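Working notes for the structure below.
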Amino acid sequence: MSVTHESLPITETIRPNSLEEVMETLQTASQTGEAIYPVGGGTSLDYGCPARQPGTALQLTDLSKVIEYPAEDMTITVQAGMTIRELSNILAERGQQLPLDAPQADQATIGGVLATNTSGPRRFGFGTARDYLIGVQAVDGLGRIFSGGGRVVKNVAGYDFCKMLIGSLGTLGVITQVTFKLKPRSTRRTIVSCQIDDLEQLESVLASMIQSQTYPAALEFITGPKWSDLTDDENRLFAIFEGPDTDLEWMNQQVAQEWQQQGVHNITTLGAEEAENLFSRLTEFPADENTALTLKTNVVPSGITSMIQAARELDSKCSIQAHAGSGIANLIFDEFPAEGLSRSLTGFLRPATANHHGNVTVLRNPGGQEMTRQSVWGGLDHPFWMMDRIKQQFDPQNILNPERFVFA
């Protein structure tokens, strides 16, 4: 099924089923100057600045094969159009996993997840895509194939294209094939929950987790009306653990004991079904479409409570999910800020993130108001000139996702 979306001015959709077709499409576009919009499952087309130049959607979902899977080496090479769900199912058969926790896994493709640098709750314990991608193949804006890394974990040949392409929103090249190193699949997951009275208590509990004898896969804090069906308390903190049954039993008891020493109330261990349902909710939260505005802030972990406070000052009714151990917060607003997007970010959130060495980006803005480069991506005082020079090397005709990223 071809993807169409009002945020992209797509005139036609091409669905290549070979690397050669991808190269041919980009070679032709580079000669004509036609815009090319790389598309996977279409789950993140709201992300980035609005596109204005009519062009072709290059949808890669037919490139979804397993190229090589030496399970004993804990690596896999696949085409980038494979969905996250399909990859997870393949790995599960061999007791392995790629713990990226992308929302809408049935639709989200591997290439799209890498291009947007998507991660979820377990980045605290397991890391991000940059920790797992060891090889990449892509096609640049001139239709030339290039690659970096390799199919073995210790391969360090060549420039680190892998890390450069992650988060580049498809503006440097169309990712066609990737190699990941893998993790053993966790046998079970448990979640310990507690009530948090205020942000001062949250900060104290999070600070105490640095000395904790447990090792959570995720520390998640939730508050706001989007979570009202889940808890009667205003604020909840969850410690998510994965591993063998004996380890989980001990960690559940240990973290409960540590939290009691912090004066925390209503500590409970969720049942298996309840834990899986909650984890799914936490993973899918930033993809909620019933929103006027969705933002993501990213600061050093010690600044997460300051970010939550700043979000509440902007809108006391906003719904928040904080990857509290990682310093990331997803903010959902049911109403667009009365003062406007630019003023709200400049006056409230950006100063707070700057104080904690971070940034804020727009994940979803269905109304499309005030979607400028500065409002979407933040202050433009960073060395974007260096990014521009790299862009010129890989896409001199500026045909790949023009205007959507930090490039002009």
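How many residues does segment 184-213 contain that are surrounded by 17 or more Cβ atoms within 10 Å (Cβ to Cβ) and within 28 Å of GLY95 (Cβ to Cβ)?
5
Would you list the helices (runs of 4 or more DSSP H) that sit entirely within segment 91-193 and hold 3 or more residues that are among the small types (Gly, Ala, Ser), assigned by TED's automatic domain parsing to the domain that holds ASP62 and in contact (Cβ under 8 Å) with a residue 12 or more places away in the chain?
110-116
Answer yes if at least one residue in segment 277-284 is touching an Asp or Glu at 6+ places or on another chain (Cβ under 6 Å), closer than 23 Å to GLN201 by Cβ, aliphatic (A, V, I, L, M) and at pLDDT 95 or above, and no otherwise.
yes
On the given criteria, is GLU276 of a type in the set (Asp, Glu) and either part of a strand (DSSP E or B) or over 23 Å from PRO225 (Cα atoms) (or both)?
For GLU276, the condition - of a type in the set (Asp, Glu) and either part of a strand (DSSP E or B) or over 23 Å from PRO225 (Cα atoms) (or both) - is not met.
Determine whether segment 216-239 contains at least one residue that is farther than 30 Å from PHE333 by Cβ, under 27 Å from the mean Cα position of the chain (by Cα) and basic (Lys, Arg).
The answer is no; no qualifying residue exists.
Which residues, counting only those in segment 226-276, are in contact with a helix residue (DSSP H, G or I) (Cβ under 9 Å, 6 or more places away or on another chain) and among the aromatic types (Phe, Trp, Tyr)?
Passing the criteria: TRP227, PHE238, PHE241, TRP259.
If you check SER326, SER375, which single one turns out to be crowded, with 20+ Cβ neighbours inside 10 Å, in a loop (DSSP other than H, G, I, E, B) and of a type in the set (S, T, N, Q)?
SER326
Which residue, of LYS154, LYS163, is at pLDDT below 95, surrounded by fewer than 17 Cβ atoms within 10 Å (Cβ to Cβ) and under 17 Å from LYS391 (Cα atoms)?
The match here is LYS163.
Within segment 247-288, which residues are surrounded by fewer than 17 Cβ atoms within 10 Å (Cβ to Cβ) and touching a Pro at 6+ places or on another chain (Cβ under 8 Å)?
GLU284
Here's the yes/no breakdown for (1) crowded, with 19+ Cβ neighbours inside 10 Å; (2) touching a residue at least 60 places away in the same chain (Cβ under 8 Å):
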site: GLU12; (1), (2): no, no
site: SER18; (1), (2): no, no
site: GLN27; (1), (2): no, yes
site: LEU60; (1), (2): yes, yes
site: VAL66; (1), (2): no, no
site: TYR69; (1), (2): no, no
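The values are calculated or read from the model by the stated rules, or taken from the named source; none is laboratory data. Here the structure is a predicted model, which is why all the values come from computation and not from measurement. Cβ: placed from backbone, ideal geometry, glycine included. Neighbour counts: every protein chain shown.
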